[in-house]
1. For LEU58, are the conditions met, namely being of a type in the set (A, V, I, L, M, F, W, C) and open to solvent by 80 Å² or more (accessible area, probe 1.4 Å)?
2. If GLN68 passes every condition in (1) part of a loop (DSSP other than H, G, I, E, B); (2) modelled with pLDDT of 95 or more but one, which one does it miss?
3. If I filter region 38-53 for residues that are β-branched (Val, Ile, Thr), surrounded by 10 or more Cβ atoms within 10 Å (Cβ to Cβ) and outside any loop (DSSP other than H, G, I, E, B), do I get at least one hit?
4. Say whether the condition of being at positive phi and of a type outside the set (Ser, Thr, Tyr) is met by at least one residue in region 37-57.
5. Answer with yes or no whether GLU30 is free of Cβ contacts under 8 Å to residues at least 40 places away in the same chain, open to solvent by 80 Å² or more (accessible area, probe 1.4 Å) and part of a helix (DSSP H, G or I).
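The values are calculated or read from the model by the stated rules, or taken from the named source; none is laboratory data. On a predicted model such as this, the values are computed, not experimentally measured, just so you know. Don't worry about glycine lacking a Cβ; one is built from the backbone with ideal geometry, like all the others, and counts go over all protein chains shown. Ligands, DNA and RNA are excluded from the accessible area calculation, which covers all protein heavy atoms including side chains. Shrake-Rupley method; radii C 1.70, N 1.55, O 1.52, S 1.80 Å.
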Amino acid sequence: ELQQKVEETELLKMELQMLETERVRLSLVEEKLMDVLQLLQQLRDLNISKRALGKILLSTLDSCRDPQPGKAHLFEVLDTLHHELTACELLKSQPLEKAQSHQCLSNPLVISC
């Protein structure tokens with residue numbers, strides 16, 4: 001009976017470790033998603049054309065067509081989209097403080113279509 005309790009404890013420790021790993025992974029995905037949404041909000045405020053935004057999205061999807069081994073595909077897509085958005089010339093031409101001050105005034109997660 002003692003051996004069975006030890007085994008159950010080990011299983012519970014393993015499950016807890018797996019849950020903690022998943023929590024960290026989800027936290028990283030959430031953080032990257034927030035960054036991407038903030039960049040999209042900034043681009044929307046700068047009146048980026050739908051065509052330009054579509055090109056960024058298609059470029060991202062083309063880059064992530066074949067998932068890299070050992071990297072979560074969702075995180076890879078978000079990371080690539082973040083990179084593509086930060087490389088956008090429209091964002092580079094805007095003063096950083098203007099974009100940040102506007103971001104503080106509005107909810108960065110609300111993006112109307």
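1. For LEU58, the condition - of a type in the set (A, V, I, L, M, F, W, C) and open to solvent by 80 Å² or more (accessible area, probe 1.4 Å) - is met.
2. The number of the failed condition is (2).
3. There is no residue in region 38-53 that is β-branched (Val, Ile, Thr), surrounded by 10 or more Cβ atoms within 10 Å (Cβ to Cβ) and outside any loop (DSSP other than H, G, I, E, B).
4. Restricting attention to region 37-57, the residues satisfying the condition of being at positive phi are 47.
With of a type outside the set (Ser, Thr, Tyr) added as a condition, the list becomes 47.
Checked against the condition, which is being at positive phi and of a type outside the set (Ser, Thr, Tyr), region 37-57 yields at least one hit.
5. Answer is yes for this residue.
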